[in-house]
1. Just give me the residues in the range 14-36 being within 18 Å of Leu54 (Cβ to Cβ), small (Gly, Ala, Ser) and modelled with pLDDT under 85, in sequence order.
2. Among the residues of the range 1-25, how many are aliphatic (A, V, I, L, M), open to solvent by 60 Å² or more (accessible area, probe 1.4 Å) and under 13 Å from the mean Cα position of the chain (by Cα)?
3. Under the condition of being without any contact (Cβ under 8 Å) to a residue 24 or more places away in the chain and part of a strand (DSSP E or B), which residue from the range 26-36 is surrounded by the most Cβ atoms within 10 Å (Cβ to Cβ)?
4. Out of all the residues in the range 37-48, which are at pLDDT below 75 and either within 18 Å of the chain's Cα centre (by Cα) or open to solvent by less than 40 Å² (accessible area, probe 1.4 Å) (or both)?
5. Just to be sure before I move on: is Ser11 at pLDDT 70 or above and of a type in the set (Ser, Thr, Tyr) in the structure I sent?
6. Between residues in the range 1-16 that are of a type outside the set (Lys, Arg) and residues that are open to solvent by 80 Å² or more (accessible area, probe 1.4 Å), which pairs lie under 8 Å by C-beta distance while being six or more apart or on different chains?
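The values are calculated or read from the model by the stated rules, or taken from the named source; none is laboratory data. The structure displayed is predicted, hence computed values, not measured ones. Because the Cβ atoms are built from the backbone with ideal geometry, glycine has one as well, and the counts that use them run over all protein chains shown. Accessible surface is based on the protein model in full, side chains and every heavy atom, while ligands, DNA and RNA are left aside. Shrake-Rupley method; radii C 1.70, N 1.55, O 1.52, S 1.80 Å.
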Amino acid sequence: MKLGFKSIAISDLGLQRDGNEDSALVSPRLVAVADGMGGHAAGEVASKVAIDLLAGLVGVLSDDDLDEISKLPGCY
C-alpha cells in the first residue's frame, strides 16, 4: 500500500510585523518550513537560503535508487 498526502504552504504576516520572513517548500517527498525569527536581522534571507538549499536536494530525495531503507520489508 502506498501512502500519500496533499499539502499546501501559506504564511500570514500577522499583526506585529511589516514583512514576512517565513519560507516554505512543498514537494512530493519533502515539506519544510523555515521561520524567519520575526524581526531579527536578515531573517527573511536566512529562511530563503534554508529553503533554497532544501529545494536543491529534492531531485536527490526523489531518486528511489538512493533510498536503501525503502527496499527493506515493510517500508514504502
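1. Across the range 14-36, the qualifying residue is only Gly36.
2. Total satisfying the criteria: 2.
3. Among those that are without any contact (Cβ under 8 Å) to a residue 24 or more places away in the chain and part of a strand (DSSP E or B), it is Ala34.
4. Within the range 37-48, Met37, Gly38 qualify.
5. So Ser11 passes the test.
6. Met1/Tyr76; Leu3/Tyr76; Ala9/Val33
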